[in-house]
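What follows draws every value from the coordinates through simple rules; no lab data is involved. Since the model is a prediction, treat every value here as computed from it, not as a measurement. Please note: Cβ atoms are built from the backbone with ideal geometry, for glycine as well, and neighbour counts cover all protein chains shown.
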Amino acid sequence: MIRGRLLYDEPMSLHTSLKVGGPADLYAVPEDSADLQDLLKWLSADDIPWLAIGRGYNLLVRDKGIRGAVISLERFNRIEVVSNEDYPPIETAGAYVRAGAGADNLSVVRFAQERGLGGIGFISGIPGTVGGAIRMNAGAYGKGILEHTQCLTLLRDGAVREFCISDLDYGYRHLGLEAGDIVLEALFRLQAREADQTEDEIRKDLELRRSKHNVGLPSAGSFFKNPSGQAAWKLIDAAGMRGTRVGGAMVSEVHSNFLVNAGGASADDFLRLSATVKNAVFRISGVTLQEEVRIVGDE
Ligand SMILES: Cc1cc2nc3c(=O)[nH]c(=O)nc-3n(C[C@H](O)[C@H](O)[C@H](O)COP(=O)(O)OP(=O)(O)OC[C@H]3O[C@@H](n4cnc5c(N)ncnc54)[C@H](O)[C@@H]3O)c2cc1C
């Protein structure tokens, strides 16, 4: 018996920032780790596939939706300071903070700020949860969240285990997990930092985002990864794609690596626009762009 919320035929357009995507057969919100383990046992007994998500800020769900279950970890939102004694000492009078996968990035930064800790202010403006940020190695200004992460608590093969980040493979917008791994918690290594200094970091980040990323329409942030040493938006501009539209999906006029829902877009519009942009960029520069956005659902 699952204690959490279960919704059937739940439109994924309600759970993604692009506001597109057909229904998930089941949308499950487990209460805690034991509930999640019960849910997974039930799903695997019936051979039902599943996908863990955060807040859907980096997800493009196809129009036919998702066969199987979507698992939201929104209830896993606990944040706490953890004793240094259990982990390698941190120089500069820092401390470890453990955050549940469902905690918002900004809540973690604020929690740390209130305790005179910091160093991860760059995630404050990245919309989404700790689980999504860890999975994507989300980052900004050349920094990635995994550089500030000591350990991850994963649910792997039905068991809860802690992994040192140094034992995992990660890089730009990439974390090498095994299929079926669910991030339950992340342990961040933080430095002592005046609250004012963190406030300044948050304010500068939000100002920069307001001036450069304020596309004013639903998006998933940068749609494509930056190819090594190049900026995807420059390649898209060079290919003349700024403002290009397919149905309701459009290359933003404000930031050409943002594909936006200009009104009534379908997932198929985004997929066709993405293909159009990739073809144009390849023709002009010979570079094959790769989607940063995760594309999921029934083809
Ligand atoms: C306006 C805007 C600005 C953005 N700016 C940035 C930016 O500056 N930098 C940046 O990196 N990103 C940016 N993004 C993209 C997005 O915010 C990040 O990728 C974010 O980390 C996604 O978090 P989420 O919780 O919404 O994850 P989701 O989109 O729900 O999921 C992302 C991926 O992680 C997986 N996942 C989520 N939770 C778990 C879990 N607990 N266990 C296992 N897998 C999981 C999902 O299956 C999916 O593959 C931006 C998006 C928007 C809309």
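Considering the zone a paramagnetic label at R242 would reach in this model (a point 7 Å from Cα along the Cα-to-Cβ line), which residues of the range 191-213 have amide N under 18 Å from it?
Once the point is set 7 Å along Cα→Cβ of R242, 209-213 turn out to lie under 18 Å by backbone N, inside the range 191-213.
Quick one: if the Förster radius is 41 Å, what FRET efficiency do N214 and E85 give, using the C-beta to C-beta distance and rounding to 0.05?
Efficiency, rounded to the nearest 0.05: 0.40.
Just to confirm a number: summing +1 for Lys and Arg and -1 for Asp and Glu over residues other than Q150 whose beta-carbon lies under 13 angstrom from that of Q150, what do you get?
Charge balance in the 13 Å sphere: -3.
Using the basic label-point model (7 angstrom from Cα toward the beta carbon), what is the N77 to D32 distance in nanometres?
For N77 paired with D32, the spin-label model returns 1.7 nm.
Is the shape of the range 137-236 best called rounded, prolate or oblate, per the rule: a/c under 1.5 gives rounded, else a/b larger than b/c gives prolate, else oblate, with a ≥ b ≥ c the square roots of the Cα gyration tensor eigenvalues?
Working: a/c = 2.15, a/b = 1.36, b/c = 1.58.
It comes out oblate by the Cα gyration axes.
Karplus couplings for the range 95-109 from phi (6.51 cos²θ - 1.76 cosθ + 1.60, θ = phi - 60°), rounded to Hz, Gly and Pro as x?
7, 9, 10, 9, 10, x, 4, x, 6, 6, 4, 5, 4, 5, 4
In the range 29-163, what % of DSSP beta bridges are antiparallel (nearest 5)?
75
Compute the relative contact order of the chain as a whole-number percentage, counting only Cα pairs closer than 8 Å that sit 6 or more residues apart in sequence.
18
Gain in length, D200 to R67, computed as 0.36 nm per residue apart minus the alpha-carbon separation, to one decimal in nm?
43.4 nm
Once amide H atoms are placed 1.01 Å from N in the peptide plane, what residues at a sequence separation of 5 or more from D32, or on another chain, have their amide H within under 5 Å of its amide H?
Correct list: empty.
Charges on Cβ only, +1 for Lys and Arg, -1 for Asp and Glu, centred on the Cα centroid of the range 232-296; of L259, I284, L273, which one is farthest towards the dipole's positive end?
Of the options given, the answer is I284.
Over 27 Å between Cα atoms: which of K204/K225; K64/K212; K143/K204 fall into that group?
Result: K64/K212 exceed 27 Å.
Averaging sequence separations of C-alpha pairs under 8 Å and six or more residues apart, then dividing by the length of the range 85-168, give the relative contact order as a whole percent.
With pairs under 8 Å counted, the relative contact order is 20 percent.
If you count the DSSP beta bridges with both ends in the chain, what percent of them are antiparallel, to the nearest 5?
80
Which FRET efficiency value, to the nearest 0.05, is calculated for K143 and D9 with the Förster distance at 41 angstrom and r the Cβ-Cβ distance?
Efficiency computed from Cβ-Cβ geometry: 0.55.
Apply the Karplus curve 6.51 cos²θ - 1.76 cosθ + 1.60, θ = phi - 60°, to the phi angles in the range 256-263 and return the couplings in whole Hz, x for Gly and Pro.
With coefficients 6.51, -1.76 and 1.60, one gets 6, 8, 9, 9, 10, 8, 7, x Hz.
Give the separation of the Cα centroids, the range 147-213 to the range 223-280, in Å.
The range 147-213 and the range 223-280 have Cα centres spaced 27 Å from each other.
Return the sequence-ordered ³J(HN,Hα) values of the range 178-193 in whole Hz as given by the Karplus equation 6.51 cos²θ - 1.76 cosθ + 1.60 applied to θ = phi - 60°, using x for Gly and Pro.
7, 4, x, 5, 10, 7, 9, 8, 10, 10, 9, 9, 10, 9, 5, 8
Among C164, C151, which comes first, then next, by fewest other beta-carbon atoms within 10 Å? Each step should come with its number before you reach the end.
On the way: C164 13, C151 22.
The fewest-first ordering by Cβ neighbours comes to C164, C151.
For the range 5-72, calculate the relative contact order in percent as a whole number, restricting contacts to Cα pairs under 8 Å that are 6 or more residues apart.
Working: 132 pairs, mean separation 29.3, N = 68.
Once normalised by length, the contact order is 43 percent.
Please find the FRET efficiency linking R283 to I48, where r is the Cβ-Cβ separation and R0 is fixed at 45 Å, and quote it to the nearest 0.05.
0.60
From the helices alone, meaning DSSP H stretches of at least four residues, give me the mean residue ellipticity at 222 nm for the chain, per-run term -39500 (n - 2.57), in deg cm²/dmol to the nearest 500.
Numbers: 6 runs with 75 residues, N = 299.
Using -39500 (n - 2.57) per qualifying helix, the result is -8000 deg cm²/dmol.
Could you tell me whether the chain comes out rounded, prolate or oblate from its Cα gyration tensor? Rule is a ≥ b ≥ c as square roots of the eigenvalues, rounded for a/c under 1.5, then prolate if a/b exceeds b/c, otherwise oblate.
Note, shape of the chain comes out oblate.
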